[in-house]
């Protein structure tokens, strides 16, 4: 594996962890167990957590 590939994978991992962490935190705070489990299990490069945060979250929208 070359440098650019390793860099791209590293960036993708960090991107996913940041969005997943925010999504998991918000779903736990809103007592949304099904969202928590779904966000925990599925790896979607941040797409599902972003959708949850900005579209499906109860109460206050956004970060």
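Laboratory data are not the source of any read-out in this text; all were calculated from the coordinates shown. Note that the structure is a prediction, hence the values are computed from the model and not measured. Neighbour counts run over all protein chains shown; Cβ positions are idealised from the backbone, glycine included.
Measure nothing fancy, just the Cα-based angle from helix 3-29's long axis to the longest principal axis of the chain, in degrees from 0 to 90, nearest 10.
10
How big is the range 3-56 by Rg and Dmax over its Cα atoms, in Å?
12.1, 42
In deg cm²/dmol and to the nearest 500, what is the mean residue ellipticity at 222 nm of the chain if only DSSP H runs of at least 4 residues count, each as -39500 (n - 2.57), divided by the residue total?
Helix contribution divided over all residues of the chain: -21000 deg cm²/dmol.
May I ask you to sort 47, 41 by Cβ crowding, counting other Cβ atoms within 10 Å and putting the fewest first? Before the final figure, lay out the partial values.
Numbers: 47 12, 41 8.
With the sparsest Cβ surroundings first, the list reads 41, 47.
Which residues among the range 1-31 fall inside the zone where the amide N is under 20 Å from a point 7 Å beyond the Cα of residue 43, along Cα→Cβ?
Backbone N within reach: 1-25.
If you count, for each residue, the other Cβ atoms within 10 Å and average over each peptide, how do 10-20, 49-59 line up from highest to lowest?
Listed from highest to lowest mean packing, they are 49-59, 10-20.
If R0 is 25 Å, what FRET efficiency do you get for residue 33 and residue 10 from their C-beta distance, rounded to 0.05? Kindly include the intermediate steps, with their values, before the conclusion.
On the way: r = 31 Å, r/R0 = 1.26.
The formula returns an efficiency of 0.20 here.
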